1. Sort out which residues of the range 32-47 are aliphatic (A, V, I, L, M), out of contact with any helix residue (DSSP H, G or I) (no Cβ under 7 Å at 6 or more places or on another chain) and in contact (Cβ under 8 Å) with a residue 40 or more places away in the chain, and write them in order of number.
2. Restricting to the range 12-40, name every residue that is under 16 Å from the mean Cα position of the chain (by Cα) and either at pLDDT 70 or above or closer than 18 Å to Val110 by Cα (or both).
3. Can you pull out the residues in the range 36-77 that are assigned to a loop (DSSP other than H, G, I, E, B), in contact with a Pro (Cβ under 9 Å, 6 or more places away or on another chain) and not basic (Lys, Arg)?
4. Which pairs turn up if I take residues in the range 8-21 that are outside any loop (DSSP other than H, G, I, E, B) and look for partners that are at pLDDT below 95 and of a type in the set (Phe, Trp, Tyr) with beta carbon separation below 9 Å, at least 6 apart in sequence or on another chain?
5. Please state which of the following conditions Leu151 fails to meet, knowing it meets all the rest: (1) among the hydrophobic types (A, V, I, L, M, F, W, C); (2) within 16 Å of Pro84 (Cβ to Cβ); (3) touching a helix residue (DSSP H, G or I) at 6+ places or on another chain (Cβ under 6 Å); (4) assigned to a helix (DSSP H, G or I).
6. Among the residues of the range 33-84 satisfying the criterion of being farther than 23 Å from Leu151 by Cβ and polar (S, T, N, Q), which is least open to solvent (accessible area, probe 1.4 Å)?
7. Residue check: is Tyr141 open to solvent by 10 Å² or more (accessible area, probe 1.4 Å), over 23 Å from Asp197 (Cβ atoms), within 14 Å of the chain's Cα centre (by Cα) and among the aromatic types (Phe, Trp, Tyr)?
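The values are calculated or read from the model by the stated rules, or taken from the named source; none is laboratory data. In this text the structure is predicted, and so the values were computed from the model without any measurement. Glycine gets a Cβ as well: all are built from the backbone with ideal geometry, and neighbour counts include every protein chain shown. Calculation scope for accessible area: heavy atoms of the full protein, side chains included, ligands and nucleic acids excluded. Shrake-Rupley method; radii C 1.70, N 1.55, O 1.52, S 1.80 Å.
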Amino acid sequence: MTVGRPGDVDTGDWSALICAGGAARRLGGRDKPAVVVGGATLLDRVLAATVAARRRIVVGPRRDLAGPATTVHWCREDPPGGGPLAAIAAGLVAVDTAYVAVLAADLPFVTEDVLRALRRAAGEPGVDVAVLVDPDGRAQYLAAVWRTARLRAALPAEPAGAPVRALFAGRTPSTGREVAAVHADARTCLDCDDDADVARARGWVTQPIRPWPASFR
């Protein structure tokens with residue numbers, strides 16, 4: 001799907017739901033959102049990208065933030081550690097906007113421009129969700145903008161323990177207009193699951209960020 005065409009909808013009234021729980025077993029149990037990349041924690045980097053959201057919801061334990069904590073609504077998934085779908089279900093209770101960005105807290109290179117591109121794609125007729133897709137064609141399910149009503153309808157009755165791909169059952173970027181694919185480079189799509197990913201992020205953060213095409217803004 002092409003995004004950024006003249007006349008695209010820029011869905012300005014939106015919320016951000018950031019999944020910041022999990023055991024981070026592949027990082028030796030460290031608090032992954034608190035890992036520092038480029039002088040800021042992973043969570044603070046994601047929050048910086050969502051500064052334009054009407055409400056920012058972080059699902060996970062409360063943490064110290066670089067910015068004012070009063071600008072963030074905190075909640076916990078049920079049960080704690082119940083996985084990303086349990087986190088999304090808990091966070092959606094606080095969402096009252098038509099669109100919601102669903103993001104992992106370990107995406108060091110998601111930016112305001114990236115989220116703007118996702119919102120525009122999600123606002124096109126017939127689209128339920130816009131999702132980042134890496135150069136190998138893999139969808140980054142926790143870097144997506146949903147129509148909130150469609151996300152609520154997609155949640156299973158028992159979200160705890162279910163994989164996030166369950167939200168996309170029957171929906172893929174190649175099956176039609178329900179999913180809009182927003183293609184991005186490997187750096188933009190990087191999530192820091194293990195030590196190698198963190199090392200890669202710390203190496204890439206020293207490189208200048210390539211501007212997104214003006215049509216995405």
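1. Matches in the range 32-47: Val46 only.
2. The answer is Trp14, Ser15, Ala16, Leu17, Ile18, Cys19, Ala20, Gly21, Lys32, Pro33.
3. Gly38, Gly60, Pro61, Glu77 - these are the residues of the range 36-77 that are assigned to a loop (DSSP other than H, G, I, E, B), in contact with a Pro (Cβ under 9 Å, 6 or more places away or on another chain) and not basic (Lys, Arg).
4. Cβ pairs passing all conditions: none.
5. All conditions pass for Leu151, except number (3).
6. Thr41
7. no
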